[in-house]
1. Give me the residue from the stretch 314-346 that is farther than 22 Å from ALA142 by Cα and under 24 Å from the mean Cα position of the chain (by Cα) and, out of that set, modelled with the lowest pLDDT.
2. Can you name the residue in the stretch 292-327 that is in contact (Cβ under 8 Å) with a residue 40 or more places away in the chain and closer than 17 Å to ALA120 by Cβ and is also surrounded by the fewest Cβ atoms within 10 Å (Cβ to Cβ) among such residues?
3. Restricting attention to strands (runs of 3 or more DSSP E) lying wholly within the stretch 49-140, give those where 1 or more residues are surrounded by 15 or more Cβ atoms within 10 Å (Cβ to Cβ) and under 34 Å from the mean Cα position of the chain (by Cα).
4. Consider GLN194 carefully, then state whether it is modelled with pLDDT under 95 and open to solvent by 60 Å² or more (accessible area, probe 1.4 Å).
5. Contact list please: Cβ distance under 9 Å, first residue in the stretch 1-14 and farther than 16 Å from ALA25 by Cβ, second residue among the charged types (D, E, K, R) and open to solvent by 30 Å² or more (accessible area, probe 1.4 Å), pairs at least six apart or on different chains.
6. Any idea which residue in the stretch 251-270 is surrounded by the fewest Cβ atoms within 10 Å (Cβ to Cβ), counting only those that are closer than 25 Å to LEU132 by Cβ and among the small types (Gly, Ala, Ser)?
7. Looking only at the stretch 205-227, decide whether some residue is in contact with a Gly (Cβ under 8 Å, 6 or more places away or on another chain), open to solvent by 60 Å² or more (accessible area, probe 1.4 Å) and of a type in the set (A, V, I, L, M, F, W, C).
8. For the list (1) modelled with pLDDT of 95 or more; (2) open to solvent by less than 30 Å² (accessible area, probe 1.4 Å); (3) part of a helix (DSSP H, G or I), I need the number of the one condition that VAL248 fails.
Amino acid sequence: MTDPQLVLTERVQQALANAFGAEHADADPLIRPSQFADFQANVAMSLAKRLRRSPREVAEAIKAELSDFPGTVEVSGPGFLNITLADSWIESQAAGMRDDQRLGVGTSTPAQTIVIDYSAPNAAKEMHVGHLRTTIVGDSLARLHEHLGNKVIRQNHLGDWGTPFGMLIEHLLDIGEPAAVAQLEAGMGTEFYQAARAKFDADEGFKQRARVRVTTLQSGDPATMRLWHVFMDATVRYFNKVYSLLGVTLTDADLAGESMYNPMLEKTCADLESSGVAVHSEGALCLFPPGFTGSDDKPLPLIIRKSDGGYGYASTDMAAIRYRVHDLKADRILYVVGADQALHFRMVFASAQMAGWLPDTVSAEHVQIGMMLGKDGRRFKTRSGESIKLMDLLQEGVDRASAAIAERGYDEATRNEIALAVGMGAVKYADLSVSHDSEYVFDYDRMLGFTGNTGPYMQYATARIRSIFRKADMEPAAATSSILLAEPAERALALHLLGFGTLIEEVTARSEPHRLCNFLFETSSLFSTFYEQCPVLRSDVEPETRASRLALCALTLRVLETGLDLLGVPVPDRM
């Protein structure tokens with residue numbers, strides 16, 4: 001265990017037990033970073049009333065039980081415990097962390113099965129900026145859980161079924177399969193949809209053909225299913241181009257669209273109805289989970305079969321949650337979906353619990369994704385009011401990154417490689433650094449900046465450390481000397497790094513990748529101060545000091561690289 005805060009928590013709790021009895025051993029020591037010491041424990045203030053003693057007296061008793069503590073403990077004010085760790089303890093813990101392949105990050109015991117529903121574009125249309133955050137946040141959560149040893153099952157819940165596919169297939173037939181495939185593979189799904197819709201609205205014959213095609217599709221007609229596969233295969237190939245550019249880990253094996261659940265919907269409704277959980281209301285089959293009412297104060301229905309016999313999102317989501325619990329054996333299900341779907345998912349989870357399909361042993365969570373805004377504070381769109389194509393947005397990020405490094409003397413291949421990493425890193429990091437349920441303003445100028453909490457700043461920090469090792473003519477892995485903390489800047493950096501393992505576990509448990517971004521930004525800022533105040537390779541630096549500082553540089557580099565990889569942010573060798 002390297003995290004000072006966890007070590008201190010255990011030590012102070014043991015001191016509480018020794019001083020006041022075992023019944024106080026689980027009290028929260030209330031340990032926080034302090035400007036007067038490394039940490040401050042405020043437990044004496046909260047415990048004094050229960051013990052009927054003054055806070056300062058309680059604090060003095062705790063201090064007496066910490067006499068063998070590796071550092072100093074002082075009582076200040078009315079009863080605060082100021083704790084300063086010994087440099088030798090920090091040095092030994094930092095060396096242990098450096099020698100630990102996992103950098104102090106534990107593993108889940110026992111390992112869990114985590115189902116993560118994310119990305120989920122609509123196959124009938126183009127991937128747009130609204131899919132960016134769900135894709136990036138979901139992918140980072142998948143990486144984090146896998147790093148902790150959990151079994152992660154990715155579920156890309158594509159919108160790949162329903163009535164629009166009747167007109168889409170008919171339009172495909174009208175223009176011919178080769179032309180349709182070329183258009184869809186080129187990312188012109190929205191244009192394809194709009195052309196089909198225009199014919200549907202204007203041509204009665206086309207409308208009738210489209211409606212018949214929906215019927216043959218839903219009945220599983222082989223010829224229609226072949227055409228549906230032609231459409232979907234071309235669309236997925238385009239989606240994969242976007243995923244490849246973004247560097248996310250989704251593959252075709254993770255596809256679990258609405259079509260997958262279509263054969264389950266009839267049984268889903270039948271089982272809910274036969275168990276008495278679902279009831280008929282105004283011709284529709286509905287669930288009425290307790291606690292949900294509309295503006296008229298009447299119970300709010302979750303409609304699982306419409307009055308015309310059709311199915312909707314709720315039908316599919318109820319089938320999906322049963323499949324994920326029963327078939328995939330999920331311990332935890334994360335739905336990385338827009339915040340505007342919050343009510344829907346609360347009702348789905350409550351309905352699944354009511355049906356007995358979501359037991360208390362399984363956690364279903366809506367990881368709410370806030371809206372992306374333009375600089376004007378409104379939903380991010382083109383000037384004409386249309387959704388911006390995700391590929392266009394990503395390509396502009398790469399082009400701007402390329403322009404930013406154009407004068408740095410790199411050959412074209414190297415410049416293109418760096419521009420891709422910087423452009424994608426900037427877009428992804430800007431998204432991840434904001435709490436996932438918050439709205440944020442998409443601003444290329446800010447996110448591509450080399451100062452502040454940005455992707456390029458983080459990437460530059462790793463590139464700068466690598467340049468130190470190139471100048472030293474050694475690999476970072478060879479920097480295995482003892483870590484000696486003679487200066488405040490190197491002590492502050494080492495102490496901060498020790499919290500990495502606990503931070504990763506907390507970020508994963510709470511689905512809060514923005515907290516990892518904050519930790520990495522603070523790491524980079526502390527390293528920058530260290531770099532300015534503690535020369536590493538200067539000729540007048542003593543060999544022992546040089547070796548120690550190189551070891552601290554190597555540890556910092558591994559923490560930054562590991563953290564950025566868990567976020568899915570690429571790290572170029574040079575900037």
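1. So, considering only residues that are farther than 22 Å from ALA142 by Cα and under 24 Å from the mean Cα position of the chain (by Cα), the one modelled with the lowest pLDDT is ASP340.
2. Out of the qualifying residues, it is TYR323.
3. Numbers: elements: 71-76, 80-85, 113-117.
Output list reads 80-85, 113-117.
4. Numbers: modelled with pLDDT under 95: yes; open to solvent by 60 Å² or more (accessible area, probe 1.4 Å): yes.
Yes, satisfied.
5. Between residues of the stretch 1-14 that are farther than 16 Å from ALA25 by Cβ and residues that are among the charged types (D, E, K, R) and open to solvent by 30 Å² or more (accessible area, probe 1.4 Å), the close pairs are MET1/GLU10; THR2/ASP100; GLN5/ARG32.
6. Selected residue: ALA253.
7. Yes, the stretch 205-227 contains a residue that is in contact with a Gly (Cβ under 8 Å, 6 or more places away or on another chain), open to solvent by 60 Å² or more (accessible area, probe 1.4 Å) and of a type in the set (A, V, I, L, M, F, W, C).
8. Result: VAL248 fails condition (3) only.
The values are calculated or read from the model by the stated rules, or taken from the named source; none is laboratory data. Since the structure is predicted, the reported quantities are computational estimates derived from the model, not experimental observations. For neighbour counting, all protein chains shown are included, and Cβ atoms are generated from backbone atoms with ideal geometry for every residue, glycine included. The protein model used for the area step is the full one, side chains on, heavy atoms only, and it has no ligands, DNA or RNA in it. Shrake-Rupley method; radii C 1.70, N 1.55, O 1.52, S 1.80 Å.
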